[in-house]
Amino acid sequence: MKRILVTGATGQIGSELVPVLRDKYGSDNVVAAGHRQKPEDEFIDSGPYATIETTDTESISVLVKKYRIDTIYHLAALLSAKAEENPQLAWHINMNGLQTVLEVARHHHCALFFPSSIGAFGPSTPPDNTPQVIVQRPNTLYGITKVAGELLCDYYFKKYNVDARGVRFPGLISYKTLPGGGTTDYAVEIFYAAVKNEPYRCFLKEGTRLDMMYMPDAIRAAIELMEADARFLTHRNAYNITAMSFTPDQLYASIKKELPGFSMTYEVDPLRQAIADSWPHKMDDSAARAEWGWQPEYDIESMTKDMIEKLREKIVMSMSDE
């Protein structure tokens, strides 16, 4: 990777991936592209920024040619719960957007990173140690677009030799950006409530076990996969990766160790609970570990301590700016 374009750059993953890429490859060599959400001035000032429509080939091609892009991280997508509220829009953004970017990558000889998700699996998938290759059959529009996206990336590699690679992310936990309509958002919201000394109402029921990952691990995984030697990549696309697996009550207990006065109750959201119940409890990521050396650095305890520390700093800074 020498010159990189990140679509969906103002979203949960993009807003943290872009600064890391700019530190690593140089600020002028990483172009951040967003749509409706306006980023902070610091984000715009740190390197090239553009507003694009991810389903418009011309708007992306212009950037690729202008900045001589050789690698695209395509992160623009509608997340699981939001996709169920507007499935037609989700299909348009998630699928038409991906095909548009793949076409640009094909014509301009770019490598492509496409993030799939734990949501690509469905209720008929074995939930424990879910294998790399197994029946998927998701029952959400988000999951359907992720499976179709995995297959489309495979097709473009085999048909057009587009160097498409990707991972299946578990639920992602971040202190930098607010939740964006995902089923695992409780694992971010709970920290905001805890640090603000507010009670939290969890929208998933007690005992709902899901795969999770702290954002620094997710960012590192995305970069390491794109830097990996292609000769060792058998699957190339949709690698299972995981770091920790826990339930809301286990996360609550981890936070209580750091903040004993914190309290949590349950107010289950039927939509997001149904989605969570269709997803794996824990994926088997042995293929990623074997083929490109994937290894997480954070577990629930170290993630909890870091989240609380960073959120406290963030809240203090925001109060000082007011």
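Considering only region 110-118, I want to know if a residue exists there that is over 16 Å from Glu84 (Cβ atoms) and either assigned to a helix (DSSP H, G or I) or open to solvent by 60 Å² or more (accessible area, probe 1.4 Å) (or both). Scanning region 110-118, I find no residue that is over 16 Å from Glu84 (Cβ atoms) and either assigned to a helix (DSSP H, G or I) or open to solvent by 60 Å² or more (accessible area, probe 1.4 Å) (or both), so the answer is no.
Residue-wise test of (1) crowded, with 18+ Cβ neighbours inside 10 Å; (2) part of a loop (DSSP other than H, G, I, E, B); (3) in contact with a helix residue (DSSP H, G or I) (Cβ under 7 Å, 6 or more places away or on another chain).
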| site | (1), (2), (3) |
| --- | --- |
| Ile60 | yes, no, yes |
| Leu63 | yes, no, no |
| Tyr73 | yes, no, yes |
| Ala77 | yes, yes, yes |
| Asn94 | yes, no, yes |
| Gly97 | yes, no, no |
| Glu103 | no, no, yes |
| Ser124 | no, yes, no |
| Ile144 | yes, no, no |
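If I ask for residues that are open to solvent by less than 10 Å² (accessible area, probe 1.4 Å) and either closer than 30 Å to Val162 by Cβ or among the charged types (D, E, K, R) (or both), which ones from region 238-253 would you list? If the condition is that a residue be open to solvent by less than 10 Å² (accessible area, probe 1.4 Å) and either closer than 30 Å to Val162 by Cβ or among the charged types (D, E, K, R) (or both), then Ala238, Tyr239, Asn240, Ile241, Thr242 are the ones that fit. Would region 9-20 turn up any residue that is touching a residue at least 60 places away in the same chain (Cβ under 8 Å), open to solvent by 10 Å² or more (accessible area, probe 1.4 Å), under 23 Å from Leu78 (Cβ atoms) and touching a Ser or Thr at 6+ places or on another chain (Cβ under 6 Å)? Checking region 9-20: at least one residue is touching a residue at least 60 places away in the same chain (Cβ under 8 Å), open to solvent by 10 Å² or more (accessible area, probe 1.4 Å), under 23 Å from Leu78 (Cβ atoms) and touching a Ser or Thr at 6+ places or on another chain (Cβ under 6 Å).
Filter region 187-212 down to residues that are buried (at least 19 other Cβ atoms within 10 Å of the Cβ), in a loop (DSSP other than H, G, I, E, B) and either on the phi > 0 side of the Ramachandran plot or hydroxyl-bearing (Ser, Thr, Tyr) (or both), then give me how many there are. Of the residues in that region, 1 qualify.
Scan region 268-287 and give yes if some residue there is open to solvent by 70 Å² or more (accessible area, probe 1.4 Å), within 21 Å of Gly181 (Cα to Cα), free of Cβ contacts under 8 Å to residues at least 12 places away in the same chain and of a type outside the set (Val, Ile, Thr), otherwise no. Yes, region 268-287 contains at least one residue that is open to solvent by 70 Å² or more (accessible area, probe 1.4 Å), within 21 Å of Gly181 (Cα to Cα), free of Cβ contacts under 8 Å to residues at least 12 places away in the same chain and of a type outside the set (Val, Ile, Thr). Can Arg168 be described as charged (D, E, K, R) and not in a loop (DSSP other than H, G, I, E, B)? Yes.
For region 213-222, check the following and say yes or no: at least one residue is under 18 Å from Asn240 (Cα atoms), in contact (Cβ under 8 Å) with a residue 24 or more places away in the chain, part of a helix (DSSP H, G or I) and of a type in the set (Val, Ile, Thr). Yes, that holds for at least one residue. Quick check: anything in region 131-141 within 19 Å of the chain's Cα centre (by Cα) and in a helix (DSSP H, G or I)? Yes, there is a match, as at least one residue in region 131-141 is within 19 Å of the chain's Cα centre (by Cα) and in a helix (DSSP H, G or I). A single member of Thr184, Thr234, Thr177 is of a type in the set (Ser, Thr, Tyr) and either over 26 Å from Gly11 (Cβ atoms) or assigned to a helix (DSSP H, G or I) (or both), and it is Thr234. When you look at Ala221, is it within 24 Å of Asn129 (Cα to Cα) and at pLDDT 95 or above, yes or no? Spelling it out, Ala221 is indeed within 24 Å of Asn129 (Cα to Cα) and at pLDDT 95 or above. List the number of the failed condition for Asn161; all other conditions in (1) at positive phi; (2) at pLDDT below 95 hold. Every listed condition holds for Asn161 apart from (2). Screening Lys305, Lys256 for residues that are over 23 Å from Lys146 (Cα atoms), touching a residue at least 12 places away in the same chain (Cβ under 8 Å) and surrounded by fewer than 17 Cβ atoms within 10 Å (Cβ to Cβ) leaves exactly one candidate, Lys305.
If you go through region 225-237, how many residues are buried (at least 16 other Cβ atoms within 10 Å of the Cβ) and touching a helix residue (DSSP H, G or I) at 6+ places or on another chain (Cβ under 7 Å)?
6
In the set (1) at pLDDT 90 or above; (2) surrounded by fewer than 14 Cβ atoms within 10 Å (Cβ to Cβ), the condition left unmet by Glu42 is number (1).
The values are calculated or read from the model by the stated rules, or taken from the named source; none is laboratory data. Being a predicted model, the structure only gives us computed values, none of them experimental. When we count neighbours, we look across all protein chains shown, and the Cβ atoms used for this are built from the backbone with ideal geometry, even at glycine. Note: accessible area is taken over every heavy atom of the protein model, side chains too, but ligands, DNA and RNA are not part of it. Shrake-Rupley method; radii C 1.70, N 1.55, O 1.52, S 1.80 Å.
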